[in-house]
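Down below is the structure, laid out as structure tokens.
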Amino acid sequence: MSRTICRNSEEIPRELLDCLERAGKVAVLTGAGVSAESGIPTFREAHTGIWARFDPMQLASPEAFEQDPATVWDWYQWRRELIARSRPNAGHYALAELQGLVTELVTITQNVDGFHALAGSSGVLELHGNIQRDVCSRTGRTIDPDWIEAHREQRPPPSPHHAEGLARPDVVWFGEALDPGTLDAAFAAAGICDVVITAGTSGAVQPAASIPVAALQAGAVMIDINPEENELSRMARWHLAGPSATWLPALVGELGRNRG
Ligand code: BJW
């Protein structure tokens with residue numbers, strides 16, 4: 001079926017709304033763009049300030065942590081503080097509301113900011129972990145926040161679990177395996193959904209980018225929300241070309257009105 005590009009969130013095609021209204025099961029895959037309007041920079045856009053000369057894709061790796069743990073730790077501390085000062089936006093809240101409008105909605109996110117849960121979504125599958133937790137670099141065991149606080153002058157703090165371990169954020173870096181249970185649940189949701197929505201992701205990182213592809217192969221209809229065009233938007237039946245904090249509330253608002 002051919003793709004439709006929609007640019008005006010006040011003119012949502014009737015066919016798209018019908019498709020969402022008929023959908024029992026919906027899977028959503030979100031990426032950094034969904035939090036952009038909360039003030040959290042995406043990965044592939046230029047960073048500003050002291051981090052402008054660092055490539056986030058280089059920092060998010062075990063090699064970077066091995067070579068320069070203090071810089072990687074400082075970058076994560078900077079992001080944690082930014083996230084702590086920021087709030088979910090209208091897109092996050094719309095997705096939480098959508099959970100009440102369809103039979104089943106599985107929210108799968110590549111983001112580590114925890115904003116979907118904070119906005120009220122339940123059962124969120126966090127593919128790449130959560131930035132607010134720390135684990136031991138050697139054992140992977142969770143480290144108590146009080147321990148981190150007590151050793152915060154060390155960058156990074158040592159691990160209480162291993163003599164040579166360091167504290168590191170509980171996130172998935174390049175070359176690291178995603179939690180198998182979380183990944184299986186994401187592919188299972190993709191395999192049975194009627195509609196898959198991708199929002200704010202470049203689709204450049206695997207295996208996350210294969211989740212909507214699996215949904216498509218199983219017969220789902222795909223909606224992509226992104227101001228830019230990419231591989232995922234080209235695969236979608238509808239490309240909603242604009243910010244997710246505009247499109248998601250518009251879609252969910254229409255759906256709610258039609259249901260009510
Ligand atoms: C808006 C907007 C607005 C702006 N509204 N939209 C197969 C083929 C090729 C390579 C691989 C492969 N399989 C695995 C690999 C290697 C690698 C990979 O994918 N590399 C690619 C770069 C090629 N993958 C891995 O290494 C993964 N591990 C793995 O596969 O392990 C295998 C293994 C098995 C068993 C044992 C051992 C290993 C791990 C990937 C981990 C990714 N981690 C990061 C960091 C997380 C922690 C942190 O946050 O610091 O995850 S990297 C980064 O990219 C982060 C993101 O979640 C992820 C995806 O990025 P995302 O979300 O799409 O953001 P952007 O910035 O790319 O895009 C933002 C989009 O928003 C843009 O499109 C904008 O237009 C849009 N936007 N404003 C809506 N307002």
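The values are calculated or read from the model by the stated rules, or taken from the named source; none is laboratory data. Given the structure is predicted, the values throughout are model-derived calculations rather than measurements. Accessible surface is based on the protein model in full, side chains and every heavy atom, while ligands, DNA and RNA are left aside. Shrake-Rupley method; radii C 1.70, N 1.55, O 1.52, S 1.80 Å.
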Compute the orientation-averaged projected area for the chain from the convex hull of its Cα atoms and round it to one decimal in nm². 13.9
Heavy atoms only, probe 1.4 angstrom, no DNA, RNA or ligands counted: give me 115, 174, 43 ranked by accessible area, highest first. 174, 43, 115
Which of 250, 177, 189 ends up with the largest GNM mean-square fluctuation for the chain, with Cα atoms connected below 10 Å? 177
Please report the spacing between the Cα centers of the stretch 243-260 and the stretch 118-195 in Å, no decimals. 32
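In Å², what does the accessible area per residue of the chain work out to with a 1.4 Å probe?
Details: 12110 Å² over 260 residues.
For the chain, the per-residue accessible area is 47 Å².
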Span per principal axis, largest first, for the Cα atoms of the stretch 1-125 (Å): 52, 30, 26
So how do 93, 76 rank on accessible area, 1.4 Å probe, biggest first, that is with the largest at the start? 93, 76
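I'm checking a number: the convex hull volume of the Cα atoms of the stretch 140-235, normalised per residue, in Å³. What is it? Present the calculation step by step, with values, prior to reporting the outcome.
Numbers: hull volume 13.6 nm³, N = 96.
Spread over its residues, the Cα hull of the stretch 140-235 gives 142 Å³ apiece.
Roughly what % antiparallel, to the nearest 5, for the DSSP beta bridges in the chain? Kindly include the intermediate steps, with their values, before the conclusion.
Numbers: 8 of 32 bridges.
The antiparallel proportion sits near 25 percent.
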Of every hundred units of 1.4 Å-probe accessible area on the chain, the number belonging to carbon and sulfur atoms, as a percent, is 49
Can you tell which of 235, 222, 57 shows the greatest fluctuation in a Gaussian network model of the chain with Cα springs below 10 Å? 57
